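Below you'll find the structure, written out as structure tokens, and then a few comments.
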Amino acid sequence: HSPSAEALWKPVRRVRISSTWRRLVDRTLQRVSARRPGWVDDSWWVGFGPQSDIHSIDTSGLTLLHNPRNGFFADPMPLAGSTDEFLVEDYSFNSRRGRISHLRFTEDGRVHLREGIIDESFHLSFPMSFEFDRRTWVVCEAASTGATHLWEYWPASGRSLHVGPIIDRPLRDVAIFERCGTWYLLGTAADPDWHLVLYESTNPL
């Protein structure tokens, strides 16, 4: 990492509150939302914990990340080619849209954030990444545009380039992966009803 690129990272505080207090807050917000629709925005939290078996994850032992002011983190997705870095939706209540940010966990247990590595005029979420041709690519949910879009991302510098639409359908929660030399794109379509769609190609771009 270059010094200028390192300067773009900022620490993210952890939230240490009891599960009892969290349940009380959640129940209160649910009651307010039910009585006064629109008064309370939906919110999400990103949490992490020690490595465990997927069949016995203790959610009460999770440590939460402090959400950004007037927003929240959601949809944490592993960054392709890394074991301790993730891409997340970074949602703002003010703009009513999400952008994509980059989380990094360091060996000393600290969490650092590079904000807005993909930021467009439309809402972005579910940042799924993959490697192809020795480069890193990110496909985000951008259903409000009426298409599914692709970006190239350079993790070392935090720079990204909007390649453009990859499919002219507004798919949700898109995943691109390779198996036995064939690339697949799996996503959720909403029209005319909610359903899964699967595409295949010899080239994921």
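The values are calculated or read from the model by the stated rules, or taken from the named source; none is laboratory data. Note that the structure is a prediction, hence the values are computed from the model and not measured. Backbone-built Cβ (ideal geometry, glycine too); neighbour counts: all protein chains shown. In case anyone asks, the SASA skips ligands and DNA or RNA and just uses the protein heavy atoms, side chains included. Shrake-Rupley method; radii C 1.70, N 1.55, O 1.52, S 1.80 Å.
Here are a few things to note about the model shown:
- Within the range 163-186, the residues that satisfy the criterion of being in a strand (DSSP E or B) and within 12 Å of ALA142 (Cα to Cα) are GLY164, PRO165, ILE166, ILE167, ARG172, ASP173, VAL174.
- Any hit, the range 67-85, residues being within 23 Å of ALA7 (Cα to Cα) and of a type in the set (Val, Ile, Thr): yes
- Residue check, ILE167 β-branched (Val, Ile, Thr) and modelled with pLDDT under 95: yes
- So SER82, is it more than 14 Å from LEU124 (Cβ to Cβ), open to solvent by 60 Å² or more (accessible area, probe 1.4 Å) and out of contact with any Phe, Trp or Tyr (no Cβ under 9 Å at 6 or more places or on another chain): no
- Subset tally (residues that are of a type outside the set (A, V, I, L, M), in a loop (DSSP other than H, G, I, E, B) and open to solvent by less than 40 Å² (accessible area, probe 1.4 Å)) for the range 117-128: 1
- Qualifying position, being under 22 Å from HIS66 (Cβ atoms), in a strand (DSSP E or B), among the basic types (Lys, Arg) and in contact (Cβ under 8 Å) with a residue 60 or more places away in the chain, among ARG99, ARG104: ARG104
- Restricting SER52, SER56, SER82 to residues that are farther than 24 Å from PRO165 by Cβ, in a loop (DSSP other than H, G, I, E, B) and touching a residue at least 60 places away in the same chain (Cβ under 8 Å) narrows the list to SER82.
- Among the residues listed as ASP119, ASP193, the single one being over 16 Å from MET77 (Cα atoms) and either of a type in the set (Val, Ile, Thr) or under 15 Å from the mean Cα position of the chain (by Cα) (or both): ASP119
- Of all residues in the range 64-79, those satisfying the criterion of being closer than 22 Å to ASP173 by Cβ and outside any strand (DSSP E or B) are ASN67, LEU79.
- Within the range 116-127, residues that are under 20 Å from SER43 (Cα atoms) sit with their Cβ atoms under 6 Å from residues that are among the small types (Gly, Ala, Ser) and part of a loop (DSSP other than H, G, I, E, B), at 6+ positions apart or across chains, in these pairs: PHE122/ALA142; LEU124/ALA142.
- Selection count, the range 168-202, where residues are open to solvent by less than 80 Å² (accessible area, probe 1.4 Å), of a type outside the set (Lys, Arg) and touching a Gly at 6+ places or on another chain (Cβ under 8 Å): 6
- The set of residues in the range 129-161 that are under 22 Å from ARG179 (Cα atoms), open to solvent by 30 Å² or more (accessible area, probe 1.4 Å) and assigned to a strand (DSSP E or B) comprises GLU131, PHE132, ARG135.
- Hits in the range 98-116 - residues which are within 15 Å of PRO78 (Cα to Cα) and either surrounded by fewer than 15 Cβ atoms within 10 Å (Cβ to Cβ) or hydrophobic (A, V, I, L, M, F, W, C) (or both): ILE100, LEU103, PHE105, THR106, VAL111, LEU113
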